[in-house]
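Here's the structure we're looking at; comments come further down.
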Amino acid sequence: MSYIWEDYDENNKYVINKSVTPYLEVFDNSTHEIAVNPLLRFASIFGDIITNLSEYADINNVALHYLAMMDKSFGMNYFQMLLEIIRNDFINGYYGQKVKNLWEIMNDKDKNTSLYYTALRLLNDDKSFFMEALGKSFPASSLAYDKESTLYFLYIGAENTSYNKSKLELLITLFANINMTLKLKTVWKYHYGVIGDQNTMRINAIQIV
């Protein structure tokens, strides 16, 4: 928990504390008494009374409850804020120069896709989300594993253009398991045929890999 509106509970008691970290608004307390650093966002409201905390404790609590409810009703929610943090991290190269360069090439739709699934990955214990992001970016796509060759065959039903290759490379870099990327063979536009599977063995509509 980083802001007063997160996990809001009307039974919380907000206590202004000058010793809390300057980088967070609140700590994730296990009790209903929440230590708040009001100077992070509300210096103009609480700055003048910060030296007389005990005298204004009840007023501060009521004011912070009001601000928390306003935040929760009208402000950015946590997921939206996380998206903006990740966007800045991409722009500033915190995910690496390769991701920065690839992300800058993308159009707005594909930028938002990579932001959305990166946020989901952070919120879900680093789950891959590779296939979800792939399906959003390339609706005609599939992944198969061949036990004999120990290769992953990735089908992308789109043209093998420079932009599409960059988009796929970004998704692989952000979401794919490293073990899979070392054994990944990508098949573009025409699906590959599986010998013995009549549904895939279509003349002039498949390619041999």
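Every read-out reported here was derived from the displayed coordinates using simple, explicitly stated rules and does not represent laboratory data. Here the structure is a predicted model, which means the values were calculated and not measured. Please note: Cβ atoms are built from the backbone with ideal geometry, for glycine as well, and neighbour counts cover all protein chains shown.
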Restricting to DSSP loop positions (anything but H, G, I, E, B) with no more than 12 other Cβ atoms inside 10 Å of their own Cβ, which GluC sites (Glu not before Pro) remain in the stretch 89-172? E148, E159
How large is the Rg to Rh ratio of the stretch 29-178 when both quantities use alpha carbon positions and Rh follows Kirkwood? 1.18
